[in-house]
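A.B. asks: Quick one: this structure, given as structure tokens, is what I'll be asking you about.
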Amino acid sequence: MKRLFSGIKQLVAIVSCFCIIFIHSSFSPLVSNYVSHAGAAADSYKKATGLYDFFSLTNPFIPAYPTFSFYLSKTPLYESLQLNEAGLSREAFELGLIGMEKLLNEGRAVKNNILSIVDFSQPSGQKRLYVIDLDNHSLLFNTWVAHGRNSGRQMAASFSNKYSSNKSSLGFYLTGDTYTGKHGYSLKLTGLEKGVNDNALNRSIVVHGADYVNGLLASLGYIGRSQGCPAISKLEFKPIIDNIKEGTCFFIYYPLTSYLEHSPLLNWN
């Protein structure tokens with residue numbers, strides 16, 4: 001009888017292994033597609049995490065992936081804060097959360113309460129800087145922000161990480177210390193993506209106030225341009241800098257496929 005039960009256990013174990021292999025072989029191409037398809041990165045992120053959770057439950061040899069509660073808990077803010085009515089792209093918002101969560105999961109020194117997004121899918125005449133308080137569920141600032149003079153006129157469409165390019169750089173930044181320089185009270189930015197914006201400090205890409213960023217010029221269709229800095233209005237630059245300084249996430253977005261498909265902070269495996 002013991003031999004019979006032992007044989008049955010071995011048979012069940014073998015059948016279970018084959019079932020696991022069959023299920024995983026059916027779903028693994030889907031996971032690969034979701035992880036690599038950055039054109040719909042936010043949707044891919046949600047689906048892929050769900051599939052990996054499924055894998056960890058059905059296969060005892062695969063450790064569970066961490067629960068992505070930060071991203072999932074903050075996405076409803078897009079509707080509750082009516083960010084669509086303020087002009088912010090949903091993709092820009094969700095990608096900002098994805099990158100921010102990746103930074104937090106990697107243990108980077110980034111605060112989890114403030115997310116600043118520059119949405120360059122909008123023309124410069126529109127208020128395309130959004131400073132969001134994720135803890136208190138509020139939009140702290142929504143105002144104009146300049147792009148680099150060689151990135152485009154009304155729209156920013158060309159980007160560079162090179163010195164003297166006078167272009168904006170996309171991607172995720174960490175805000176640093178404040179200082180007083182040629183533009184007055186300013187905020188240092190550290191680019192977190194190699195080859196994309198990691199020359200920001202050496203290029204002196206900072207947040208500062210500028211006379212050419214104002215509502216009067218915006219009413220004409222576009223504001224003045226910088227040498228690559230995300231310059232803001234002199235009427236608001238001090239309170240904005242004080243709210244985002246010293247370790248918050250600053251994300252400059254544009255729907256550029258070459259960036260979205262290769263950013264290590266937007267694509268995970």
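A.B. asks: For H262 and S164, what does the FRET efficiency come to when R0 = 35 Å and r is the distance between their Cβ atoms, rounded to the nearest 0.05?
C.D. replies: 0.90
A.B. asks: Stretched out fully, how many nm does the piece from E85 to D135 gain, at 0.36 nm a residue minus the Cα gap?
C.D. replies: 15.9 nm
A.B. asks: I'd like the Karplus ³J(HN,Hα) series for region 242-254: coefficients 6.51, -1.76, 1.60, θ = phi - 60°, whole numbers in Hz, and an x wherever there's a Gly or Pro.
C.D. replies: 5, 7, 10, 5, 6, x, 9, 8, 10, 10, 9, 10, 7
A.B. asks: What does the charge dipole of region 76-260 about its Cα centre add up to, to the nearest 20 debye, if the Cβ of each Lys and Arg holds +1 and the Cβ of each Asp and Glu holds -1?
C.D. replies: With only Lys, Arg, Asp and Glu charged at Cβ, the dipole is about 800 debye.
A.B. asks: Sort 224-232, 134-142, 200-208, 70-78 for me by packing, meaning the mean count of neighbouring Cβ atoms within 10 Å per residue, highest on top.
C.D. replies: Values: 224-232: 23.9, 134-142: 14.0, 200-208: 20.9, 70-78: 16.3.
Top of the packing list down: 224-232, 200-208, 70-78, 134-142.
A.B. asks: Rounded, prolate or oblate: which fits region 76-260, taking a ≥ b ≥ c as square roots of the Cα gyration tensor eigenvalues, rounded meaning a/c under 1.5, else prolate when a/b beats b/c?
C.D. replies: rounded
No value in this document is a laboratory result; all are computed from the given coordinates. In this text the structure is predicted, and so the values were computed from the model without any measurement. Glycine also receives a Cβ, built like all others from the backbone with ideal geometry; neighbour counts cover every protein chain displayed.
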